[in-house]
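Visitor: Below are the structure tokens for one structure; questions will follow.
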Amino acid sequence: MLGTRGGWRALRYCSSSLPREQRVPAARLRVREALGSREAADKVKVQGWVRSVRSQKEVLFLHINDGSSLESLQVVADPSLECRDLTFGSAVEVQGKLVKSPHKMQDVELQAEAIHVVGPCDTLSFPFKIKERHPLEYVRQFPHLRCRSNALGALLRIRSEATAAIHSFFQDNGYVHIHTPIITSNDCEGAGELFQIGTSQEAKESAEKKHFFNVPTFLTVSGQLHLEAMAGAFTRVFTFGPTFRAENSQSRRHLAEFYMVEAELSFTESLQDIMQVMEHLFKTATSTVFSKCPRDVELFHKYVAPAQKGRLEQMLKNKFVIISYNEAVEILKQASQTFNFKPEWGCDLQTEHEKYLVKHCGDVPVFVINYPYDLKPFYMRDNEDGPQHTVAAVDLLVPGIGELCGGSLREERLPFLESRLQRLGLTDAYQWYLDLRKFGSVPHGGFGMGFERYLQYILGVDNIKDVIPFPRFPHSCLL
């Protein structure tokens with residue numbers, strides 16, 4: 001296929017004997033670019049990490065990957081180019097010719113003229129072994145190295161494309177991107193589960209201390225209230241950034257730090273408008289991810305969640321279901337299934353309830369609307385109904401996960417908001433929020449979507465910690 005070893009040596013000798021001024025510098029290609037090339041190229045350079053090494057009598061085969069694609073580029077070389085440091089996991093730079101491959105599984109290959117080992121790899125102590133498919137539970141033990149596995153490499157490319165798709169969706173629909181604060185004095189959810197900010201010096205002092213910002217400050221749980229302020233000047237705004245929840249849970253569903261997509265729409269008086277944006281965002285982003293990185297998505301749908309692909313394709317074709325909270329409670333009460341938490345009107349829906357509702361509705365995403373007034377935060381719009389008092393809130397439930405998005409119409413009427421804040425003893429803390437209702441207030445609403453939970457759903461991953469770049473535990477000393 002490649003000629004004799006002498007032919008390889010002659011080729012190397014001829015290429016190196018050209019006068020320095022006549023030499024053409026090699027064009028640097030990423031693996032993805034090389035694999036997608038339709039034309040041969042005489043002088044190319046590819047850099048990456050060795051995924052496999054196979055030496056035969058007349059030829060040396062390498063597969064190298066640089067993270068730009070799931071597929072690796074095959075390199076063929078004379079065995080004389082092999083050295084002791086050329087092993088699985090080593091970092092290399094290969095120069096040579098990009099040619100059409102005779103192998104049916106690939107279009108091109110790189111005929112190497114020079115191989116330089118940039119960084120050797122100790123294969124005995126390296127935790128990942130060649131040709132082994134390591135389970136996610138094993139890979140999770142090595143947060144600083146797990147990006148070199150196929151699964152996490154694919155996940156991070158998907159995560160990157162999904163991030164770009166979400167930004168593109170909002171920008172294409174006229175939203176202004178707002179960078180909301182990470183450090184704040186506001187508790188948007190009212191739950192009190194926050195990480196409080198303090199300096200290292202403050203932490204050492206046992207006596208009464210002065211706060212760095214003169215008031216207690218926390219890591220944000222949501223950018224919503226800041227977005228609402230911006231929605232007084234821009235009719236459509238969104239943010240996409242880190243949020244923090246100090247929930248005492250190390251379950252497969254929870255993260256202390258995660259990314260949240262949030263949007264606010266001014267001049268809207270209907271939950272239907274909010275739900276339409278939520279559904280459109282979900283379907284657009286998912287379709288984009290599937291088209292931009294099909295092989296990466298296929299890896300998860302083949303080895304992690306084999307049935308997920310069909311479910312998602314069906315979901316993208318159909319409208320999401322809408323039911324009220326009242327209807328949801330009645331469905332749960334009539335269920336033959338026994339729940340750990342008894343469904344009652346006025347109680348929040350638990351994950352087991354949410355999953356059952358999705359199955360009951362045909363395993364498609366379900367909007368649940370109009371939740372009890374006392375269940376939801378102060379900013380949600382009063383429906384002024386009875387005898388069961390509700391607010392204009394909506395949660396999007398998806399198969400296997402439960403709640404993915406939450407949103408509502410915001411209470412834009414000053415008397416209603418003043419009354420509720422007064423009952424909760426929050427008037428002084430949210431005086432600025434009341435000001436928004438005094439100066440050109442308009443009907444508005446918005447929603448938030450947990451980014452990692454979105455990825456967990458579309459990929460069918462069981463543990464949410466497998467869709468983040470670095471798991472926080474057990475390597476807290478490192479991360």
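Visitor: Kindly indicate whether any position in the stretch 254-266 is open to solvent by 40 Å² or more (accessible area, probe 1.4 Å), under 23 Å from residue 397 (Cα atoms) and assigned to a loop (DSSP other than H, G, I, E, B).
Guide: Yes; the residues of the stretch 254-266 include at least one that is open to solvent by 40 Å² or more (accessible area, probe 1.4 Å), under 23 Å from residue 397 (Cα atoms) and assigned to a loop (DSSP other than H, G, I, E, B).
Visitor: Which one of the conditions (1) in contact with a Gly (Cβ under 9 Å, 6 or more places away or on another chain); (2) closer than 30 Å to residue 253 by Cβ does residue 390 fail to meet, given that it meets all the rest?
Guide: That leaves (1) as the condition not met.
Visitor: Which condition number does residue 139 fail, the rest of (1) closer than 18 Å to residue 30 by Cα; (2) in contact with a Lys or Arg (Cβ under 6 Å, 6 or more places away or on another chain) being met?
Guide: It is condition (1) that residue 139 fails.
Visitor: Could you grab me the full set of residues in the stretch 348-359 that are part of a loop (DSSP other than H, G, I, E, B) and open to solvent by less than 60 Å² (accessible area, probe 1.4 Å)?
Guide: 349, the sole residue that qualifies.
Visitor: Taking residue 346 as the residue in question, decide whether it is touching a strand residue (DSSP E or B) at 6+ places or on another chain (Cβ under 6 Å) and farther than 22 Å from residue 275 by Cα. Please lay out each step first, then the result.
Guide: On the way: touching a strand residue (DSSP E or B) at 6+ places or on another chain (Cβ under 6 Å): yes; farther than 22 Å from residue 275 by Cα: yes.
When the stated conditions are applied, residue 346 passes them.
Visitor: Looking only at strands (runs of 3 or more DSSP E) that lie completely in the stretch 1-106, which have at least 3 residues being modelled with pLDDT of 95 or more? Steps first, please.
Guide: On the way: elements: 27-29, 41-55, 60-65, 73-77, 91-100.
In the stretch 1-106, 41-55, 60-65, 73-77, 91-100 are the strands (runs of 3 or more DSSP E) which contain 3 or more residues that are modelled with pLDDT of 95 or more.
Visitor: Would you confirm whether any residue within the stretch 245-253 is at pLDDT 95 or above, within 23 Å of residue 455 (Cα to Cα) and within 20 Å of the chain's Cα centre (by Cα)? Spell out how you get there, then give the answer.
Guide: Restricting attention to the stretch 245-253, the residues satisfying the condition of being at pLDDT 95 or above are none.
No.
Visitor: Oh, and also: Assess whether residue 299 counts as being in a helix (DSSP H, G or I) and under 29 Å from residue 394 (Cβ atoms). Let's see the steps before the verdict.
Guide: Details: in a helix (DSSP H, G or I): yes; under 29 Å from residue 394 (Cβ atoms): no.
So residue 299 fails the test.
Visitor: Considering only the stretch 160-187, state which residues are more than 22 Å from residue 287 (Cβ to Cβ), assigned to a loop (DSSP other than H, G, I, E, B) and open to solvent by 40 Å² or more (accessible area, probe 1.4 Å).
Guide: Answer for the stretch 160-187, where residues must be more than 22 Å from residue 287 (Cβ to Cβ), assigned to a loop (DSSP other than H, G, I, E, B) and open to solvent by 40 Å² or more (accessible area, probe 1.4 Å): 179, 181, 182, 185.
Visitor: Oh, and also: Looking only at the stretch 373-406, how many residues end up being open to solvent by less than 30 Å² (accessible area, probe 1.4 Å) and either assigned to a loop (DSSP other than H, G, I, E, B) or outside the structural domain of residue 223 (by the TED database) (or both)?
Guide: Of the residues in that region, 5 qualify.
Visitor: Could you figure out which of (1) touching an Asp or Glu at 6+ places or on another chain (Cβ under 9 Å); (2) acidic (Asp, Glu); (3) under 21 Å from residue 456 (Cα atoms) isn't true of residue 279?
Guide: (1)
Visitor: Follow-up question, since we're still on this one. Across the stretch 73-99, what is the number of residues that are out of contact with any helix residue (DSSP H, G or I) (no Cβ under 7 Å at 6 or more places or on another chain) and within 17 Å of residue 31 (Cβ to Cβ)?
Guide: Total meeting the criteria: 15.
Visitor: Could you please find all residues in the stretch 431-462 being part of a loop (DSSP other than H, G, I, E, B) and open to solvent by less than 10 Å² (accessible area, probe 1.4 Å)?
Guide: 461
Residues are listed down the side, and each one gets a yes or a no for (1) modelled with pLDDT of 95 or more; (2) open to solvent by 40 Å² or more (accessible area, probe 1.4 Å):
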| site | (1), (2) |
| --- | --- |
| 294 | yes, yes |
| 298 | yes, yes |
| 301 | yes, no |
| 306 | no, yes |
| 310 | no, yes |
| 327 | yes, yes |
| 330 | yes, yes |
| 336 | no, yes |
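Visitor: Could you list, in sequence order, the residues of the stretch 268-292 that are open to solvent by 60 Å² or more (accessible area, probe 1.4 Å), under 30 Å from residue 228 (Cβ atoms) and not charged (D, E, K, R)?
Guide: Once the filter is applied, which keeps residues that are open to solvent by 60 Å² or more (accessible area, probe 1.4 Å), under 30 Å from residue 228 (Cβ atoms) and not charged (D, E, K, R), the stretch 268-292 yields 272, 276, 280.
Visitor: Shifting gears a bit: Could you list, in sequence order, all residues of the stretch 408-419 that are open to solvent by less than 20 Å² (accessible area, probe 1.4 Å) and of a type outside the set (A, V, I, L, M)?
Guide: Residues of the stretch 408-419 that are open to solvent by less than 20 Å² (accessible area, probe 1.4 Å), as a first pass: 408-411, 417.
Matches in the stretch 408-419: 408, 410, 411.
Visitor: So is residue 368 within 25 Å of the chain's Cα centre (by Cα), among the hydrophobic types (A, V, I, L, M, F, W, C) and outside any loop (DSSP other than H, G, I, E, B) or not?
Guide: Taking the combined requirement at face value, the residue satisfies it.
Visitor: Is at least one residue of the stretch 212-220 within 27 Å of residue 429 (Cβ to Cβ), crowded, with 19+ Cβ neighbours inside 10 Å and at pLDDT 95 or above?
Guide: No - not one qualifying residue is present in the stretch 212-220.
Visitor: Quick one: residue 157 ticks every box in (1) of a type outside the set (S, T, N, Q); (2) touching a Cys at 6+ places or on another chain (Cβ under 8 Å); (3) closer than 23 Å to residue 292 by Cα; (4) assigned to a strand (DSSP E or B) except a single one, so which number is it?
Guide: (4)
The values are calculated or read from the model by the stated rules, or taken from the named source; none is laboratory data. Small disclaimer: the values here were computed from a predicted structure and weren't measured. Methodologically, a virtual Cβ is constructed for each residue, glycine included, from the backbone with ideal geometry; neighbour enumeration extends over all protein chains shown. To get the accessible areas, we keep the full protein, side chains included, count just its heavy atoms, and leave off ligands, DNA and RNA. Shrake-Rupley method; radii C 1.70, N 1.55, O 1.52, S 1.80 Å.
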